[in-house]
Every structure is written in C-alpha cells, then in structure tokens.
Amino acid sequence: MTRIDKLEKAAKAQAEAEFLELIEIDSPSWGEQAIAKVLLRKLKELGMETQQDETGNIYGYLPGNASLPPILLSAHMDTVEPSKGKKAIIEPDGTIRSAGAAVLGADCVAGLVEILQGSRLAAALILSEV
C-alpha cells in the first residue's frame, strides 16, 4: 500500500466517523444550535477565525495566499422534518441509511464533512508552507 493509499484510507475513515457523529445531532430548521456548537469547535481546532451571526450562520476564515482568489465553501446545518432522533445504519455494502422514521439528513451533513475535510487539507498545506 502506497503512502497516498494510506492517506486516502485514513481520510475516508475520518470522514465516515465525522459523518456518523454529526448525523446524530438533531438539527431541525431554526434549531441548529447543537450542531453549530460542534462545528464552531471543529473549525477553531483547525485554526480558523470563526463568527456566528444573529441568524445562526457560521463563518470560518482560514488565511490564505492573497495573490490567489478566495474560496467559499457553503453548506446548510438544518435537516427537514422528521429530523429528531436521527440514527444511521451502515449496510454491509457500505451504504449509510436512516435506522428509523427520521430522515438521515445526509445532504447537509455530507456537505459539512466535505468542508471540514477540505479545510483540514488546506490548513495542513498552509502550515507546511510556513
């Protein structure tokens, strides 16, 4: 197994674990405070400056190269109803689905995980250049 293969395997495992962690946080529309708190912590751990506006939107800023255009990554934190008591099941083929009547909310959580994973990579690249 090459170094790239090992890194890819580790990144996939981390993304899946983070997906399962975030899926279980109830986040109905206008009730995203619990997931926002977790995301703010995770973004700060990545070295980002963070802000949360009066509506609950989160902004994370990672300094970059001023000669390059900025990049904006965006996802929503809320889940449509029924969203309370979400629980995921991983099928033998790797498919992740809802274990009950609540929706999984995979669209929003997948986007959040992608942002966190991409930000980790960007932070690592920026720190390696310093």
Take each complete run of DSSP H in the chain, measure how far its Cα atoms stretch along the helix's own axis, and keep only those covering 20 Å or more with mean Kyte-Doolittle hydropathy at least 0.0; list them.
106-129
Taking springs between alpha-carbon atoms closer than 10 angstrom, which of 78, 53, 107 fluctuates most in the Gaussian network model of the chain?
53
Note to self, the chain gives a 222 nm [θ] from helices alone (DSSP H runs n ≥ 4, -39500 (n - 2.57) apiece, / all residues, nearest 500) of -15500 deg cm²/dmol
Trypsin sites (Lys or Arg not before Pro) within the stretch 47-130: DSSP coil, no more than 14 neighbouring Cβ in 10 Å:
84, 87
Taking the inverse of the average 1/r across all pairs of different Cα atoms in the stretch 55-130, what Kirkwood radius in Å do you get?
15.0
For the stretch 67-128, with only Lys/Arg (+1) and Asp/Glu (-1) charged at the beta-carbon, what is the dipole magnitude about the Cα centre, in debye rounded to 20?
180
Residues 42, 6 in order from fewest to most other beta-carbon atoms within 10 Å are 6, 42
For the chain, set up a Gaussian network in which alpha carbons nearer than 10 Å are linked by springs, and say which option among 102, 13, 75 fluctuates the most.
13
A convex hull over the alpha carbons of the stretch 4-130 yields, per residue, a volume in Å³ of 117
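All of the numbers you see were taken from the coordinates with simple rules; none came from a lab. As the structure is a prediction and not an experimental result, all values here were calculated from the model. A quick note on method: Cβ atoms are made from the backbone with ideal geometry, for glycine too, and the neighbour counts reach across all protein chains shown.
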